[in-house]
Each structure stands twice: as C-alpha cells, then as structure tokens.
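Following: one structure in structure tokens, then a few remarks.
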Amino acid sequence: MATDESNKLYAPSASRNAGVLCDVVALVAPKNGDALEIASGTGQHIVAFAAAIPAVQWHPSEVEATRLRSIEAYVHDSELSNISAPITLNATQVGWGETIAPKGLIILANLLHLISEIEAATVLQEGARALAPSGHFCIYGPFKRDGEFTSDGDERFDSDIRAADSEVGYKDDAWIKRTAQNAGLDFMDAHEMPANNLALIFRKS
C-alpha cells in the first residue's frame, strides 16, 4: 500500500540531532523488549531509533492528528518491522502511566520547554509509572543550567515562547532532577548535546 507523502512533516532539527540521539539512546536501551517515545512529533526520530536499535520494539505516540499521520507515513516508508502503530497519547494528562504496558525505555525529546511546570511534572510522574523496574527514561532538549541560560540565543527563544504563553519556557536541569527523583527516578547521567542541548538519563528506582 502506498503512503501519501503529503502527510509527512519534516523538522530540520530532528534530522540534525537524530544521529547523536541514537548514540545516547543506545547506551541505555534494553537488549530486547519495548520502548515508548513520548511526543514523537514528525516520526523522524522513531524511525532512526528503530533502525539503529533493531532488537527493541518501538512505540511512537502523539496527541495531534496531523503528527500521527506523519508518523504513520514515516513508519510505513521505513519498512521496519520493529515499530508499532502510533498511539494517541497526551502525556500531560494524569493517569496515562497506568494505561501503558511497562516499558524498558521511555524517550522524550523537545517537549518540556513547551509545557508548564505542572504539566512537565505530570509527564515525569506518569512516565515513571509506565517504566518497568530498572527501566530508563531519556529526556532530551534545551534546559537552563543551575538557573542560567547557556547562550543568548536560548534566552531569546525562551523569551519568545513565554511571550505566547507565560506558563511555559525552559526548565532548569536541577528542577528536572528533583522532580524526577520525587517521581521515583534516579538520575544517572547527563550528556552534552549539539546546540547547547542536554540528554538527561534517569532509571526507575
């Protein structure tokens, strides 16, 4: 069955960072089992993960219909058998963690700065519930470091998104670690990534 190319969304940043993200994810991916990507966006990342780590069954998710169609198109064209159909998931809603079969790995990229602190805390709490014992949670994106921006560009971007919604914006890496710990996640490591981003790795207690 052919897929409609017009359904595919394309994010240049996802194309640029897919390789380095795969390298970090490979360090904590289970030898087999299931992995969930929260807010899979265009679908570019999940296809890259599945190609790089074929022993894992990958589960994309999104809340927006246009993005779900894009994910479906990328998955179809990849012809990879280790990617499940995308599920509709609003990760900022309380309770979703109990509806997901336990996963050995959960990945979240470029979402936390676009939602409020309350919503971000919910994502972490519910993600912890959805993890299998000793499962890993990999969080990628732009963060403040000890309360400070790492560049003028990051500060401008934060100001721009806060101008549209004062509840959102960059989260501090220390706040992420505290909130994750309260959710039952132990901080394991931080990886410096391109464009001043971080990949924060946690493990379920």
Inverse of mean 1/r across different Cα pairs in the range 144-205, Kirkwood, Å: 12.8 Å
Fraction of accessible area attributable to carbon and sulfur, the range 1-81 (%, probe 1.4 Å): 53 percent
Share antiparallel - DSSP beta bridges, the range 48-205, percent rounded to 5: 60 percent
Length gained when the stretch Asn32-Ile118 is fully extended (0.36 nm per residue, less Cα-Cα span): 27.7 nm
Potential lengthening between Arg178 and Ala11 on full extension [0.36 nm per residue; Cα-Cα distance subtracted]: 57.0 nm
FRET efficiency, 1/(1 + (r/R0)^6) with R0 22 Å, evaluated for Asp189 and Asp146 via beta carbons: 0.80
Inter-centroid distance (Cα atoms) of the range 136-205 relative to the range 8-72, Å: 19 Å
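How much mean residue ellipticity at 222 nm does the chain get from its helices, if each DSSP H run of length 4 or more adds -39500 (n - 2.57) and you divide by all residues, to the nearest 500 deg cm²/dmol?
Values: 6 runs with 77 residues, N = 205.
That calculation yields -12000 deg cm²/dmol at 222 nm.
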Radius of gyration and Dmax over the Cα atoms of the range 54-205, both given in Å: 15.9, 44
Sorted largest first, extent of the range 40-79 alpha carbons per principal axis (Å): 28, 17, 12
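The values are calculated or read from the model by the stated rules, or taken from the named source; none is laboratory data. What you see is a predicted model, and the numbers here were worked out from it, not measured in a lab. No Cβ is skipped: glycine too gets one built from the backbone with ideal geometry, and neighbour counts run over all protein chains shown. Accessible surface areas use protein heavy atoms only, side chains included; no ligands, DNA or RNA. Shrake-Rupley method; radii C 1.70, N 1.55, O 1.52, S 1.80 Å.
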